[in-house]
Structures are given as structure tokens and as C-alpha cells.
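In what follows, a single structure is set out as C-alpha cells and then discussed.
Just so it is clear, none of the values below were taken in a lab; they were calculated from the coordinates. Fair warning: this is a prediction, and the values are worked out from it, not measured in the lab. Because the Cβ atoms are built from the backbone with ideal geometry, glycine has one as well, and the counts that use them run over all protein chains shown.
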Amino acid sequence: MDPTVTTLHGIPTLILSEDGPAVGTELDAGDLVGAALDHGVDLLVVPAVRVAPEFWTLRTGVAGEVLQKLVNYRLRLAVVGDITAPVEASTALRDLVRESNRRRDAWFLPDLAALDERLSP
């Protein structure tokens, strides 16, 4: 994992690169929490291309495990990138994305500019 640590609108943030192990399978929820704690951040930014296909299939439980563990540790998640295909393939995923984007713990956004806008006061 070759992350970038930065501060976005006063929030310590860890941004994962587009290259690396798949988040949700090769890099599990515990790994994400560990990375966040090691770097002292409150927000994890994961490129959508790094998200394991199993994450997008809700019945696997991968998304639930990742999201729940991050919430338990009071960490926020932003998945950034195009997730059109998996969202169009699953009504349940579409609902999860819509509900998540209404809250503050996990967001699914098209790009870093949208994240910047979301974090703006």
C-alpha cells in the first residue's frame, strides 16, 4: 500500500493509490483500520478501481464488513471513481450508495473534486 497522507478541509486523510491490493479481499477491513491508525487519519479515500468485485456484490458481506468496521472505529470512507456498472447491476447496491451518500460515514463519489466539494464548509 503506497498511500498519500494529507489534510482535506482540516480532516487528516489517507488516499490510497490506484495500484495495489484489492480493498475488501486482499486488503481487508482490519488492514484499512490499521493503516488509518498508523497514519493518524480520520478519512480513507479509496479509488473505485481498487475495490474488489466482491465488495459490489452485497450478498458476499464484504461491503458490510468493511463499512461496519470503519464505522466502529469512527473512520470515514470515500470511494472515488466510476461505479456505474456495479450500481446499474444491483438495486440493493444502488440503495446502499444513495443512503451512504446522505450520511457522513461512507461516500461514493465520482472524483476527488466531488470529495473536496462534499468536505467544504
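The table below lists the values:
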{"quantity": "Search result, residues across region 25-70 that are more than 10 Å from the chain's Cα centre (by Cα), closer than 22 Å to T91 by Cα and of a type in the set (G, A, S)", "calculated": "A52, G61, G64"}
{"quantity": "Long-range neighbours under 6 Å by Cβ, at least six apart or interchain, first residue more than 20 Å from W56 (Cα to Cα) and without any contact (Cβ under 8 Å) to a residue 40 or more places away in the chain within region 8-30, second of a type in the set (D, E) and assigned to a loop (DSSP other than H, G, I, E, B)", "calculated": "P12/D42"}
{"quantity": "Residue list for region 9-48, restricted to those being part of a strand (DSSP E or B), aliphatic (A, V, I, L, M) and surrounded by 18 or more Cβ atoms within 10 Å (Cβ to Cβ)", "calculated": "L14, I15, V23, L27, L43, L44, V45, V46"}
{"quantity": "Long-range neighbours under 6 Å by Cβ, at least six apart or interchain, first residue without any contact (Cβ under 8 Å) to a residue 60 or more places away in the chain and more than 12 Å from V33 (Cα to Cα) within region 44-72, second assigned to a helix (DSSP H, G or I) and of a type in the set (S, T, N, Q)", "calculated": "E54/T60"}
{"quantity": "Residue count, region 92-121 (criterion: under 19 Å from V71 (Cα atoms) and either touching a strand residue (DSSP E or B) at 6+ places or on another chain (Cβ under 7 Å) or in a loop (DSSP other than H, G, I, E, B) (or both))", "calculated": "13"}
{"quantity": "Subset tally (residues that are under 15 Å from F108 (Cβ atoms) and either touching a Lys or Arg at 6+ places or on another chain (Cβ under 8 Å) or outside any helix (DSSP H, G or I) (or both)) for region 68-91", "calculated": "12"}
